[in-house]
Amino acid sequence: MQENSIKKLVIVGGGTAGWMAASLLVKLMRGQLEIVLIESDDIGTVGVGEATIPPIQIFNNVLGLNEDEFVKATQGTFKLGIQFENWGAVGDKYMHAFGSIGRQIGMVPFQHYWLRAKEAGFAGDLWDFSFNYQAAKEDRFDRMRQIPNSPLEGITHAFHFDAGLYARYLRKGCELSGVNRIEGMITDVSLDSASGNIASVTLKDGQVVEGDFFIDCSGFRSLLLGQALGVGYTDWTGWLPCDRAVAVPAENGPRMRPYTQSIAHKAGWQWRIPLQHRAGNGHVFCSDHISEDEATQTLLDNLEGKPLADPRVIPFKTGRREKFWHKNCIAVGLSSGFLEPLESTSIHLIQTSIVRFVQMFPSLGLDATNIDEYNEQVGFEFESIRDFIILHYHATQRDDSAFWKRCRTMEIPESLKHKMDLFRETGRIFRFNNELFSEAGWLQVMLGQRVMPKAYHPMADGLSDKQLREYFTNLKTIISGTVPKLPKQVDFIAKHCAAAPM
Ligand SMILES: Cc1cc2nc3c(=O)[nH]c(=O)nc-3n(C[C@H](O)[C@H](O)[C@H](O)COP(=O)(O)OP(=O)(O)OC[C@H]3O[C@@H](n4cnc5c(N)ncnc54)[C@H](O)[C@@H]3O)c2cc1C
């Protein structure tokens, strides 16, 4: 048996990132690793982060969490997509619905048939072919992998939840599994003079905690990777100029929507996230174009229920660490970089960073090739998500404010330009290098943001008009016949996973 060079691992931070890291590591490496987590009640957590994407189900499954118990414990609701309002133009509305759209025929993706039918005038709306969208707009939800007696995918879901409660829920499991939690504020980080590795951290009360490896989950401070090891930050505000959010919890509105709302305003956008006990709300904005007071007022004017606390402003700088793993330390969560929550990707980045770390676990020591591979993979994931988010801002016809004019006319990364040009010219979309967002995701956002292709794949002409009409009618009939059979989300939750009132 090989000797594991990492015997003691120290996680700094007890936000979503810290407890997700601890949960996965203790689950997968119990007995092989001593895990210590240090968090400071005085500093607290960022206190936002409520919307997720479907792969979180995999994470929860690996941890062995029961979905109903998890939804109950976190005041959660189900999420089938994100509705974007006022993005392509004021008054526009579309959804990035999870799951597939229509069904590919042979090797030709569905959108080519839809584009052909659109040209011929009988396509209907693209979202008529999204089961998730059709269920979401009627506030319905059920667990259904496949539409019965059909080849069509069923519901693909993620969750809205209270991130603080999620961390608390994970913490309980971690402590039962042997993670040693230390409460206290770190005031000093010591490096080994020969290797430059982190040797220990010192707490305000004088306690010294040594470790073989450190995971920096200290939030925007980036206490270890950024501050102690001096890894720099690549700033992406040139492409994503929003630099603040104002957040406020409020009473829920009249509907329990199974989707996040993202409503564009004159210098940013607002989220509405329905939880069981309240709604999460926030306004992400660009301080070059709107003051904090005006941004706060815009948010308060657009709540569906009474605010439950004072609005809180959270400044941020969009970008990433130049490296995510340096010496004997990785950064996970906000300490590794930040992309605004437009597509709910931060918690996902926590998940994939920890999974990658487990896959590349340095049991044989700190191998430079292994570290480079990790940095390459995490960097690619950050950049592909960055491009997807820029698409929402750049592909717009809005010119009603200086902010939107700036976004519409800015230079964009070459990687995104290539994707948009390819789609515009040919209707083609390729998922590159296992990037996070699928062809269906890119398709919905491109069309939703009014990027319209000039052509479709010639193989889509292989069916006659009659055959294609029949195909479309069948798909729509299956979807529209199944949606009314799904329960309303509010009834589903009442039956399976209602949380105790808070
Ligand atoms: C406005 C906004 C909205 C967001 N919305 C979403 C969303 O909808 N979906 C999504 O996926 N993500 C979202 N995110 C991101 C999400 O909030 C974070 O990815 C997630 O909460 C993880 O945060 P964290 O654990 O890295 O940091 P934090 O929550 O800030 O935790 C940091 C931890 O480090 C500890 N710490 C710091 N310094 C010290 C010290 N000196 N000594 C000891 N302990 C210390 C703190 O006590 C705390 O426990 C959003 C972020 C923002 C800013």
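A compact table of results
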| item | result |
| --- | --- |
| Given (1) near the ligand (Cβ under 9 Å from one of its atoms); (2) open to solvent by 20 Å² or more (accessible area, probe 1.4 Å), index of the condition S5 fails | (1) |
| Segments classed as helices (runs of 4 or more DSSP H), wholly inside segment 392-502, with at least 1 members that are among the β-branched types (V, I, T) and in contact (Cβ under 8 Å) with a residue 12 or more places away in the chain | 414-426, 439-448, 465-482, 489-496 |
| Some residue of segment 315-328 being farther than 30 Å from V189 by Cα and in contact with a Ser or Thr (Cβ under 9 Å, 6 or more places away or on another chain) | no |
| Within segment 113-141, tally of residues that are open to solvent by 20 Å² or more (accessible area, probe 1.4 Å), within 20 Å of T77 (Cβ to Cβ) and of a type outside the set (S, T, N, Q) | 5 |
| Count - residues of segment 360-391 that are over 18 Å from G337 (Cβ atoms) and among the small types (G, A, S) | 3 |
| Tally of residues being open to solvent by less than 40 Å² (accessible area, probe 1.4 Å) and among the acidic types (D, E) across segment 35-66 | 2 |
| Given (1) hydrophobic (A, V, I, L, M, F, W, C); (2) open to solvent by 10 Å² or more (accessible area, probe 1.4 Å); (3) more than 19 Å from N61 (Cα to Cα), index of the condition M144 fails | (3) |
| Scope segment 169-200; condition in a helix (DSSP H, G or I) and without any contact (Cβ under 8 Å) to a residue 60 or more places away in the chain; matching residues | K172, E175, L176 |
| Test set (1) within 13 Å of the ligand (Cβ to nearest atom); (2) polar (S, T, N, Q); (3) farther than 12 Å from A295 by Cα - N252 fails condition number | (1) |
| Test for T369: is it in contact (Cβ under 8 Å) with a residue 60 or more places away in the chain and within 29 Å of K27 (Cα to Cα) | no |
| Of residues in segment 185-224 being of a type in the set (D, E, K, R) and within 14 Å of the ligand (Cβ to nearest atom), the one least open to solvent (accessible area, probe 1.4 Å) | D216 |
| Pairs, first farther than 22 Å from F382 by Cβ in segment 306-334, second open to solvent by 30 Å² or more (accessible area, probe 1.4 Å) and within 15 Å of the ligand (Cβ to nearest atom), C-beta under 8 Å, six or more apart | P307/P249; L308/P249; L308/R278; A309/P249; R312/G47; V313/R244; V313/E292 |
| Residue selected from segment 30-68 under the condition more than 6 Å from the ligand (Cβ to nearest atom) and charged (D, E, K, R), by the criterion farthest from Q276 (Cα to Cα) | E34 |
| Candidates F403, F382, F388, filtered to the one that is modelled with pLDDT of 95 or more, more than 20 Å from G88 (Cβ to Cβ) and open to solvent by less than 10 Å² (accessible area, probe 1.4 Å) | F382 |
| Members of segment 233-269 that are part of a strand (DSSP E or B), among the hydroxyl-bearing types (S, T, Y) and either open to solvent by 10 Å² or more (accessible area, probe 1.4 Å) or touching a Ser or Thr at 6+ places or on another chain (Cβ under 8 Å) (or both) | Y233, T234, T260 |
| Close pairs (7 angstrom Cβ cut-off, 6 or more residues apart or separate chains): on the phi > 0 side of the Ramachandran plot in segment 35-56, within 6 Å of the ligand (Cβ to nearest atom) and at pLDDT below 95 anywhere | G49/A163 |
| In segment 218-232, the residues that are assigned to a helix (DSSP H, G or I) and more than 16 Å from I314 (Cβ to Cβ) | L223, L224, L225, G226, Q227, A228 |
| Pairs with Cβ under 7 Å, 6+ apart, first in segment 1-30 and hydroxyl-bearing (S, T, Y), second near the ligand (Cβ under 8 Å from one of its atoms) and not in a loop (DSSP other than H, G, I, E, B) | T16/A163; T16/A167; T16/G333; T16/I347; T16/I350 |
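Conditions tested, residue by residue: (1) crowded, with 23+ Cβ neighbours inside 10 Å; (2) under 16 Å from F403 (Cβ atoms).
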position: W271; (1), (2): yes, no
position: F285; (1), (2): yes, yes
position: T296; (1), (2): no, no
position: L300; (1), (2): no, no
position: L303; (1), (2): no, no
position: K323; (1), (2): no, no
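Residue by residue, here is whether (1) touching a helix residue (DSSP H, G or I) at 6+ places or on another chain (Cβ under 7 Å); (2) within 16 Å of the ligand (Cβ to nearest atom); (3) farther than 19 Å from T234 by Cα; (4) not small (G, A, S) holds:
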site	(1), (2), (3), (4)
E343	yes, yes, yes, yes
I347	yes, yes, yes, yes
I354	yes, yes, yes, yes
M360	yes, no, yes, yes
N370	no, no, yes, yes
E376	no, no, no, yes
G379	no, no, no, no
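The values are calculated or read from the model by the stated rules, or taken from the named source; none is laboratory data. None of the values given here were measured: they were computed from a predicted structure. Positions of Cβ are backbone-derived with ideal geometry, glycine not excepted, and every protein chain shown enters the neighbour counts. The protein model used for the area step is the full one, side chains on, heavy atoms only, and it has no ligands, DNA or RNA in it. Shrake-Rupley method; radii C 1.70, N 1.55, O 1.52, S 1.80 Å.
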